[in-house]
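S.K.: Quick one: structure below, then a few questions.
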Amino acid sequence: MHDISLGYATMLASYVMTVFVIELTPGPNMAYLAALTLGAGRRAGLAAVAGVAIGLALIGVAAAAGLAALVAASPTIWTALRWAGGLYLLYLAWETWRGEAETSPAGTHSLTRTNARYFSRGVITNILNPKAALFYVAIVPRFLPQTGPTLGYGLGLTAISVAVATAIHLAIVLLAARLHPVLSQPGRLERTRHLLAIGLAAIAVWFLLTTTGPST
């Protein structure tokens, strides 16, 4: 019994470290949250973090329920997901490039509506996130038991990954928020926005070129 508990603890520690390392690698979430917070401020970034967490949780629950196996077995589904995610990131890059008046909303109602929009974008970005899909399709199954029910284990691993990812995303937003007052000054805002848009577009193209399938 002691050996089983020790083995489980070792597996869990390995999983947490794997999630931590993966979340620190460049990806759509990191690029989008940094771009949004630098351009629109901390509240926008925090709203997006909440959306990202919900999106990751939805993907994890779907994967634990068996969707991961379906995606891994269907190149057509995987390709559709990959292109939808890449094109959505390119759309966000375009909106970042041209700028939006909503980044300086007037009134509480407009602010609430704007933050709700950032929240929904965080959800959509992750539902269509090739990096997240690849993680749940190719990585999480390696930490599931070989025999017996796996749904409970899968949900537990999903909760851990969402918690680790959210902690890292909050750190990114808080760091970017400290730079927002400086980079959003007149004369710097447009250059900052264009640089961030190029970064988002580069991430989108990189993922379209590299995430060719669950086996990659």
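S.K.: Would you please classify the overall shape of the range 34-90 from the alpha carbon gyration tensor, given that a ≥ b ≥ c denote the square roots of the eigenvalues, rounded means a/c under 1.5, and beyond that prolate means a/b larger than b/c while oblate covers the rest?
M.R.: Oblate, because a/c is 1.5 or more while a/b does not exceed b/c.
S.K.: Would you mind working out the accessible area per residue for the range 24-77, using a 1.4 Å probe, and quoting it in Å²?
M.R.: In whole numbers, the range 24-77 has 40 Å² accessible per residue.
S.K.: What's the carbon and sulfur percent of the range 126-207's accessible surface, probe 1.4 angstrom, rounded to a whole number?
M.R.: Carbon and sulfur atoms account for 71 percent of the accessible area of the range 126-207.
The values are calculated or read from the model by the stated rules, or taken from the named source; none is laboratory data. Note that the structure is a prediction, hence the values are computed from the model and not measured. Note: accessible area is taken over every heavy atom of the protein model, side chains too, but ligands, DNA and RNA are not part of it. Shrake-Rupley method; radii C 1.70, N 1.55, O 1.52, S 1.80 Å.
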